[in-house]
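I have placed the structure first, in the form of structure tokens, so that the comments after it can refer back to it.
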């Protein structure tokens, strides 16, 4: 899945995930999700490279850690830029990623190893 496709899939679910808080995050979220889509694509490429040759890229375990770091960065920015609580933002971002995972199942994407 290409970066723009990942971004669009996450944005499709964002409004529902944030619900009543959508207006508070709508200015900042697209930028953060775009950054996350770029990182997710990079993680997938590196995990796929590792699976072909374990001297290249990085393992699924490392990919999971990198995804967690990206999630924390996204959540931190949204909490800092809005008046939403950490828990509300974490729940919404987790919901967005869960929806993305469901979409990726259909494609048998390497990202499934880290999501």
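The values are calculated or read from the model by the stated rules, or taken from the named source; none is laboratory data. Owing to the predicted nature of the structure, the values given are computational and were not obtained by experimental measurement. Note: ideal-geometry Cβ built from the backbone for every residue, glycine included; neighbour counts use all protein chains shown.
Beta carbons closer than 7 Å, at least 6 apart along the sequence or on distinct chains, pair a first residue in region 32-49 that is on the phi < 0 side of the Ramachandran plot and surrounded by 19 or more Cβ atoms within 10 Å (Cβ to Cβ) with a second that is modelled with pLDDT under 90 and outside any helix (DSSP H, G or I) for 43/114; 44/109; 47/114.
Of all residues in region 72-81 being touching a helix residue (DSSP H, G or I) at 6+ places or on another chain (Cβ under 6 Å) and surrounded by fewer than 19 Cβ atoms within 10 Å (Cβ to Cβ), which is farthest from residue 42 (Cα to Cα)?
Step one: of region 72-81, the residues touching a helix residue (DSSP H, G or I) at 6+ places or on another chain (Cβ under 6 Å) are 74-75, 77-79.
Now drop any that are not surrounded by fewer than 19 Cβ atoms within 10 Å (Cβ to Cβ), which leaves 77, 79.
On the way: 77: 21, 79: 25 Å.
My answer is 79.
Among the residues of this structure, residue 99 counts as one that is assigned to a helix (DSSP H, G or I) and either at pLDDT below 90 or surrounded by fewer than 14 Cβ atoms within 10 Å (Cβ to Cβ) (or both). Could you say whether any residue in region 44-53 is under 15 Å from the mean Cα position of the chain (by Cα), modelled with pLDDT under 90 and within 19 Å of residue 15 (Cβ to Cβ)? No, region 44-53 contains no residue that is under 15 Å from the mean Cα position of the chain (by Cα), modelled with pLDDT under 90 and within 19 Å of residue 15 (Cβ to Cβ). Only one entry of 40, 33, 29 meets the criterion of being closer than 16 Å to residue 94 by Cβ and modelled with pLDDT under 90, and that entry is 40.
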